[in-house]
1. What shape does the stretch 25-83 have by the C-alpha gyration tensor, where a ≥ b ≥ c are the square roots of the eigenvalues, rounded means a/c under 1.5, and otherwise prolate means a/b greater than b/c and oblate the rest?
2. For Ser56, what residues show an amide H to amide H distance below 5 Å, using hydrogens built from the backbone and excluding near sequence neighbours?
3. Which residues in the stretch 47-61 have a backbone N closer than 12 Å to a point placed 7 Å from the Cα of Gln91 along the Cα-to-Cβ line?
4. What list of ³J(HN,Hα) couplings, whole Hz, do you get for the stretch 66-79 from phi and the Karplus terms 6.51, -1.76, 1.60, once you set θ to phi - 60° and write x for glycine and proline?
5. Please turn the phi angles of the stretch 51-57 into ³J(HN,Hα) values with the Karplus equation 6.51 cos²θ - 1.76 cosθ + 1.60 (θ = phi - 60°), one per residue in order, whole Hz, x for glycine and proline.
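Every read-out reported here was derived from the displayed coordinates using simple, explicitly stated rules and does not represent laboratory data. Because the structure is a prediction, the values reported are computed rather than measured. Cβ placement follows ideal geometry from the backbone for every residue including glycine, while neighbour counts extend to all protein chains displayed.
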Amino acid sequence: MTRVKVVRNPYDGIQLPKPLKLDMKQAACRPYRRPELWFSDDEHEQAQAKRVCKGSWLDGIEPCPIATECLLAALENDIRDGIWGGLTSRQRTNLKNR
């Protein structure tokens, strides 16, 4: 029997069956004091969270250096809530169903 280490997501308490191999010290979202921004239903707030992940040339925001790893972690762990790697839950579902 294989033991699975459960890692706790710092944003909303989602239990992850696979450990996130992310260096959160490099995450662009880390300095934000509103982690709920990444789990909002408001389209404006979702767009703001996506800009932090993907970067915005117009706003002078560099892309997050771990956005790809963040997205892969969400896909591997079937995380259904929030913005991960710059994609919403719906966008991740569409990506998985391709």
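1. Oblate.
2. Here the answer is Ile61, Glu62, since their amide H atoms fall under 5 Å of that of Ser56.
3. Residues 47-56 fall inside that zone.
4. 10, 4, 5, 5, 4, 4, 4, 4, 5, 5, 5, 9, 6, 6
5. 4, 5, 6, 8, x, 8, 4
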